[in-house]
1. Of the DSSP beta bridges with both residues in the chain, give the percent that are antiparallel, rounding to the nearest 5.
2. Averaging sequence separations of C-alpha pairs under 8 Å and six or more residues apart, then dividing by the length of the chain, give the relative contact order as a whole percent.
3. Percent relative contact order of region 7-82, based on C-alpha pairs within less than 8 angstrom and at least six residues apart?
4. Could you check the spin-label model distance between V268 and L35? Points 7 Å from the Cα along Cα→Cβ, value in nm.
5. Using a 1.4 Å probe on the protein heavy atoms, what percent of the accessible area of the chain belongs to carbon and sulfur?
6. Could you tell me what fraction of 2.2 N^0.38 Å the Cα radius of gyration of the chain comes to, as a two-decimal ratio?
7. Consider a paramagnetic label point 7 Å from the Cα of D344 along Cα→Cβ; state which residues of region 253-283 have an amide N under 15 Å from it.
8. So which residue, out of S239, S68, S101, gets the largest mean-square fluctuation from a GNM of the chain using Cα contacts under 10 Å as springs?
Amino acid sequence: MTPNLKTENIIEVLKSVRPPSSKLSLVELQAITRLDVQEKSVLIEVTLPEVNPMVEKSIRFQIEKAISGLDSQIQAAVEFKQAQTKSAATQKIGTMIAVGSGKGGVGKSSISVNLAIAFQQLGYRVGILDCDIYGPSIPTMLNVVDQKPMMLGGKIQPIEAFDLKVMSAGFFVEQGQSIVWRGPMIHKLIQQFFHEVEWGDLDVLIVDLPPGTGDAPLSLAQTMPLTGAVMVSMPQKVSIIDVHKGISMFNQVKVPILGVIENMSHFVCPSCDHSEEIFDRGGVKKFCAELNVTYLGDVPIEMKLREMSDQGRPFMLDHKDSPAGKAISQIARRLQPFIKTAEDATEQIKLIL
Ligand code: ADP
């Protein structure tokens, strides 16, 4: 074998080596930073975001197995290096708005995506961070399910879709795979999302939280330097009871509630214009008045919104003048007083880890 061919062979077999729970190989992650091929030995340097003995053990084992499968005579030496990452203090994110809900299925992710576009339409640079670890649907809604974030200069590059910078827990787990997310794992994920993602300068980062008040949303709300939270609820009583719990959770961790949105408030028949108040329209407005929290507005049910969600194109791009589109634009304008641009950000992003 010529040395050149050997290098290629080695890279080829390294394509099967993945850090635990990553769907990307070391080669795709550009984590192999040195490959020194000698006649009977190979030195492989792997650069990882952080020192983690378990991860290193698994990678070392996989590499040795892969190389011995290629040629049992070759000795593989694996060295690990920690990536030099820019600290979070260099990230300039002006505003970070969490979108939460008491329950799943109320339209939290749909609102996150379309609110992100509405902010973009107001001239802001916007990113979306999908932390809904139990059901990350943002990649589907933005048609980027098959995309894989790349490493560049030791930083994870967010995916760009419709001029939004996108990062999702979904990019790091296989579709259909279920992971039990425990507290330390959630912390680590958040750490990666902030310290290792090259967000660049953003005016608004929308954070789609997992629904409810369990460990995951609580941990996220507690750890992230949020400007505030927007809650999404449907109008009926069973949804409002849960959104109340969500608000209490944010109060507990001292994250300001910027307001509540009533989603799927009513349905206007496209052919006869008759409005049907399927879920008891106005429930959220009443609840906000009782609790003295800001009511941000209602978004009606619109079939196009659901259809475009499934097609992977944000509804607001083509339908901002429809009833739901106008409602979402108005909600974005109501939130404008809370927005600081990247340039205006007085305090830089810090994590409380
Ligand atoms: P969640 O993030 O709260 O689980 P989703 O955003 O995934 O909820 O929405 C659940 C379903 O409802 C999706 O199919 C979505 O397209 C649809 N949906 C959400 N809001 C609306 C709306 N205003 N009009 C029509 N369909 C909607």
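1. Details: 12 of 51 bridges.
Around 25 percent antiparallel, to the nearest 5.
2. 20 percent
3. It rounds to 34 percent for region 7-82.
4. 5.9 nm
5. Carbon and sulfur: 51 percent of the exposed surface of the chain.
6. Normalised by 2.2 N^0.38 Å, the Cα Rg of the chain equals 1.13.
7. The answer is none.
8. Among S239, S68, S101, the largest mean-square fluctuation in the Gaussian network model of the chain belongs to S68.
The values are calculated or read from the model by the stated rules, or taken from the named source; none is laboratory data. Model, not experiment: these values are computed from the prediction. Every residue, glycine among them, receives a Cβ derived from its backbone with ideal geometry; neighbour counts consider all protein chains shown. We work out accessible area using only protein heavy atoms, side chains counted, and drop any ligands, DNA or RNA first. Shrake-Rupley method; radii C 1.70, N 1.55, O 1.52, S 1.80 Å.
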